[in-house]
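A short reminder: the numbers here are calculations on the coordinates, not readings from a lab. Not measured: the values here are computed from a predicted model. Positions of Cβ are backbone-derived with ideal geometry, glycine not excepted, and every protein chain shown enters the neighbour counts.
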Amino acid sequence: MSDFISDFWSHYVTVVVLASILACALLLWVTARTRAPTGSDNTTGHVWDEDLREMNNPLPRWWVGMFVLTIVFGLGYLVAYPGLGSYGGELGWSTRSEYAGDVAAADRALEPVYAKYAAMAPEQVAGEPGAMAIGERLFLNNCAQCHGSDARGSKGFPNLTDNDWLHGGTPDKIRETITQGRTGVMPPMAAAVGTPDDVKNVANYVLSLSGSPHDSLRAGLGKSKFTACAACHGIGGVGNQAMGAPNLRDNIWLHGYGQEAIIAIINNGKTNQMPPQQGRLTEAQIQVLASYVWGMSNKAAAAP
Ligand code: HEC
Ligand code: HEC
């Protein structure tokens, strides 16, 4: 309810809930009072199937009692629990607090499991089958929607298995990436490069760096324009992990491959975000995940 900007819906729900309960009570009361006219034999005069007659017996007392109890219970429930608009109930119970309590309890139960791994070097954790089973599950639940269930990524979402890193591939850097998130910002560069023809030339120069198919005449003309890019991508396009600027020589493309894709990124720029997991995952979970991710591109080095 707190998501609404005015109190209107809160009042609306309160009125509808109380009016419904009142209507039930009223129905009970009215039907108990009014008696349908009956004949001397207590039948209403309705006859079906030739000889089936409707009698007018009062509701059994136990049944009325249950009805009254239901109403009393309903009112009591509404005092104790949330139900009347934004009123939170006397017990202070909410789905959110229950969920938070469950998560805290689960975290406490798992603490000893994680404590073992926290004391180990990430390279060793990557060689622990138990830790990697946990890492895989954490990855599938929290990371696979973006990076893919095999962690190979897709357009815009980096492949985490290829040992090609935007922000650094040491266990420490990976943990930093997961904890704090990352924002890669490639600004629109067309104005700095010059005319659309200049943009096309520098795009061909970029393609030439990885030996991709390109127009070598244009690549030659574009080379000098690349100084505007080298501030981030490094001299010769080797990349710069401090800026998250990708290596342009390795023929691994995060945002698409070929002249059109590169021209588009020079013209429009690109902002790409890895969401921070601090607060969503515990430090211990992040430690296991960092080891898991590191292990995927360092299979041989992961200590058995
Ligand atoms: C909402 C989508 C999304 C989710 C969820 C997500 N990531 Fe990412 N992740 C990204 C994007 C986008 C990038 C690239 C950021 C950039 O371009 O600088 C990235 C980058 C990374 C990197 C850095 C790769 C490099 O080359 O340096 C790592 C490591 C990583 N993610 C791990 C994870 C892990 C582990 C999880 C699960 C806890 C996760 N990510 C969840 C979108 C996501
Ligand atoms: C301010 C720093 C900065 C400058 C200047 C810059 N880039 Fe980038 N560039 C980035 C970053 C950061 C990314 C990665 C964006 C992301 O995280 O997805 C990127 C991504 C790219 C990509 C996509 C690579 C891929 O793997 O798909 C290309 C191509 C590219 N830049 C070319 C250029 C060219 C050409 C220039 C010069 C005209 C240039 N960049 C100037 C920071 C920069």
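Here are some notes:
- For the chain, the 222 nm mean residue ellipticity estimated from helices alone, with every DSSP H stretch of n ≥ 4 adding -39500 (n - 2.57) and the total spread over all residues, rounds to -16000 deg cm²/dmol.
- A simple rule links phi to the HN-Hα coupling: the Karplus curve 6.51 cos²θ - 1.76 cosθ + 1.60 with θ = phi - 60°, which for region 52-66 gives 8, 9, 8, 9, 10, 8, x, 4, x, 4, 4, 5, 4, x, 4 Hz, with x for Gly and Pro.
- Reachable aspartates and glutamates from residue 116, criterion Cα separation under 15 angstrom, eight or more residues apart if same chain: 107, 128, 283
- Residues of the chain were split at every exposed loop site, defined as chymotrypsin sites (Phe, Trp or Tyr not before Pro) in a DSSP loop with at most 14 other C-beta atoms within 10 angstrom, and the longest piece left, sites excluded, is 94-304.
- Pairs from the table (155/225; 155/223; 173/223; 200/223; 270/299) lying more than 21 angstrom apart at Cα are 155/225; 155/223; 173/223; 270/299.
- Computed about its Cα centre, the charge dipole of region 90-215 is approximately 40 debye, with only Lys, Arg, Asp and Glu carrying charge at their Cβ.
- Point-charge dipole on Cβ atoms (K/R +1, D/E -1) for the chain, about Cα centre, debye to 20: 800
- FRET efficiency estimate (nearest 0.05) - Cβ-Cβ, residue 113 to residue 61, R0 41 angstrom: 0.10
- Inter-centroid distance (Cα atoms) of region 62-93 relative to region 215-275, Å: 64
- About the Cα centre, charge dipole magnitude for region 141-292 (Lys/Arg +1, Asp/Glu -1 at Cβ), debye: 160
- Longest site-free stretch - the chain; sites: GluC sites (Glu not before Pro), DSSP loop, at most 14 other Cβ within 10 Å: 91-304
- Positive dipole terminus of the chain, leading residue within 23, 271, 11 (C-beta point charges): 271
- Per residue, the Cα convex hull of the chain amounts to 295 Å³.
- Gyration tensor verdict on region 1-98 (Cα atoms; rounded if a/c is under 1.5, prolate if a/b is larger than b/c, oblate otherwise): prolate
- Distance in nm between pseudo-label sites at residue 10 and residue 250 (7 Å out along the Cβ direction from Cα): 5.3
- Taking the chain as a Gaussian network of alpha-carbon nodes connected by springs under 10 Å, the highest mean-square fluctuation of the residues 147, 46, 233 belongs to 46.
- Amide H contacts under 5 Å for residue 94: none, restricted to partners 5 or more places along the chain or on a different chain, H placed in the peptide plane at 1.01 Å from N.
- Range in the chain, longest, excluding exposed trypsin sites (Lys or Arg not before Pro) [loop by DSSP; at most 11 other beta-carbon atoms within 10 Å]: 156-279
- Exposure proxy order (Cβ contacts within 10 Å, fewest to most) of 11, 167: 11, 167
- Dipole of the chain computed with +1 at Lys/Arg Cβ and -1 at Asp/Glu Cβ about the Cα centre; of 236, 42, 174, farthest Cα towards the positive end is 236.
- Computing FRET efficiency as 1/(1 + (r/R0)^6) for residue 197 and residue 176, where r is the C-beta to C-beta distance and R0 is 45 Å, gives about 0.65.
- Residue-count net charge about residue 201 - beta-carbon cut-off 14 Å; Lys, Arg +1, Asp, Glu -1: +1
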